[in-house]
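Derivation of every value follows stated rules applied to the coordinates shown; laboratory data play no part. Computed from a predicted structure; not experimentally measured. Positions of Cβ are generated from backbone atoms using ideal geometry, with glycine treated the same way; all protein chains shown enter the neighbour counts.
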Amino acid sequence: MGINGVPSWEAKPLVAALGETAVWTVENTMAFDHPFHLHGFFFQVLGADGQPVRPLAWKDTVNVPVDGAARFAVRYDNRPGMWMFHCHILDHADAGMMGMLQVVRQERREAAAGGGGEARGAGRGGPAVRGLG
Ligand SMILES: [Cu+2]
């Protein structure tokens, strides 16, 4: 198992800037639901229309249904450092469905971005996790 086709032990961290707001899109390519869990930050789940799901709530886990996707908006408001994200079915995480998000201060981001994954844009781009599979 992995994320974007890469098991956790081979994955490079995604890199994001402290203070940035990102919209994550997480797609599921498997025949299991995957509860996607992010450490370090709470997020707002977005509906298919891109609007926050009501009633408004801060979450740290969102279900990604079979053949479906989940989107959420997260602001890296504080707590720079290395944060884990993973499927909350721990057998799946152990099998590789896990990754790291490196939140860096702005001035250090360019250097860090050279070696890592994508995490773009203030409130627009964000990691595209195309495939919990
Ligand atoms: Cu899973």
Item checked: Where chymotrypsin sites (Phe, Trp or Tyr not before Pro) fall in DSSP loop in the range 1-85, at most 10 other Cβ within 10 Å -> W58
Notebook entry, point to check: By counting other Cβ atoms within 10 Å of each Cβ, how are R105, R71, R54 ranked from fewest to most?
Noted result: R54, R105, R71
Notebook entry, point to check: Fewest to most neighbouring Cβ within 10 Å: what's the order for E27, E20?
Noted result: E27, E20
